[in-house]
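As structure tokens, the structure follows; a few thoughts come after it.
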Amino acid sequence: MRDAFVSNGLIDSINRRTQLAGYNRLALLLFRLGGPELFGINVFKVQEVVQAPELTWVPAAHSHVRGVAPVRGRMIPVLDLASAVQGTQPADEPRYLIVAEFNRRVQGFLVHGVERIVNVDVGQVTPPPASAGDDGYLTAVTRLGERLIQIIDVEKVLADVIGLAADLEELPEHATDARRRKWRVLVADDSKVARMQIARTLEQLNLEPVLVNDGREALRFLRSQAETGQEDDLLMVISDVEMPDMDGYTLTTEIRRDPRLEHHYVLLHTSLSGLFNHSMVEHVGADRFVPKFNSDELAKGVVERLRDKELALPDVAMA
């Protein structure tokens, strides 16, 4: 029964649930890592779930990489998610491989059991408890009835295994007059690794990142800035799409609804792939969409906004 669910029903269910994106809903694929605890991953990142295949060992690979496997005609790296997240290897061997795409890379994650897909209101998704620590692999938690669901920060797992994105190959050229003013950029992302990567890119462009964990915190910051008249030096908003409490699509919608905020430039930034994101960006009124994570592409989008902003400044502001 479980195998039939994995092979026949999962992808159809994923396709149906993609229609939830943009309505502050989150679809999670639930799985286990050798124990009773439930873990979740954003279902829109999942391409398929298959039986754990035979693996080919890769010499000198990271300790969390179990090897590579052929999936639909291509070899992909396979990570042991229990080892990466829990630091220990359960006695039982993983039975399933979750094939997922993050940041334009396809990889497989070995798990011990696949449960089902559930829909949750992102308002019921909260940051992990402080006891999880800054070095933990959780990006959020939620509940299914009485059961706790731990949502994994896959970007952090991949950063530890593959490494962080490289620095900018070269600093994009842009006008220099307005550098006399220190532009700020509001960054909303629930992944600590993603926030760090974006902040590093912005700092290389001589911009000041303002970092928040989710869309609701970003909206609160923007409204506070509008009330106190401190938003003149805010260049743009960079927001992840999938976040707890308030996702990036909902954040953008709320920005466009508020006459005090509607002028803000919004760049949506997500590890999800596909044309669906581009259509949603247009639907909610965002200005630009950039897939994660290529620092040069992100810098290009930021610099284009900076150029437009500089050209729009009155001469007196340039003096």
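Annotations for the structure displayed:
- Among residues of segment 200-220, those that are under 15 Å from Asp245 (Cα atoms) and either open to solvent by less than 80 Å² (accessible area, probe 1.4 Å) or within 17 Å of the chain's Cα centre (by Cα) (or both), counted: 8
- The single residue among Asp245, Asp258, Asp233, Asp240 that is in contact (Cβ under 8 Å) with a residue 40 or more places away in the chain, of a type outside the set (Phe, Trp, Tyr) and farther than 21 Å from Asp190 by Cα turns out to be Asp233.
- Unmet requirement for Ser131, which otherwise passes all of (1) at pLDDT 80 or above; (2) more than 28 Å from Ala52 (Cα to Cα); (3) polar (S, T, N, Q): (1)
- Boolean, His64 is under 24 Å from Lys192 (Cβ atoms), open to solvent by less than 70 Å² (accessible area, probe 1.4 Å), of a type outside the set (A, V, I, L, M) and more than 19 Å from the chain's Cα centre (by Cα): yes
- Those strands (runs of 3 or more DSSP E) of segment 27-141 in which 2 or more residues are of a type outside the set (A, V, I, L, M, F, W, C) and closer than 22 Å to Asp245 by Cβ occupy 38-42, 113-121.
- Pairs with Cβ under 6 Å, 6+ apart, first in segment 49-60 and in contact (Cβ under 8 Å) with a residue 12 or more places away in the chain, second surrounded by 10 or more Cβ atoms within 10 Å (Cβ to Cβ) and part of a loop (DSSP other than H, G, I, E, B): Ala52/Pro94; Ala52/Arg95
- Among the residues of segment 83-99, those that are under 18 Å from Glu54 (Cα atoms) and open to solvent by less than 20 Å² (accessible area, probe 1.4 Å) comprise Pro94, Tyr96, Leu97, Ile98, Val99.
The values are calculated or read from the model by the stated rules, or taken from the named source; none is laboratory data. All values derive from a computational prediction rather than experimental measurement. Glycine gets a Cβ as well: all are built from the backbone with ideal geometry, and neighbour counts include every protein chain shown. The accessibility values were calculated without ligands, DNA or RNA, using every heavy atom of the protein model including side chains. Shrake-Rupley method; radii C 1.70, N 1.55, O 1.52, S 1.80 Å.
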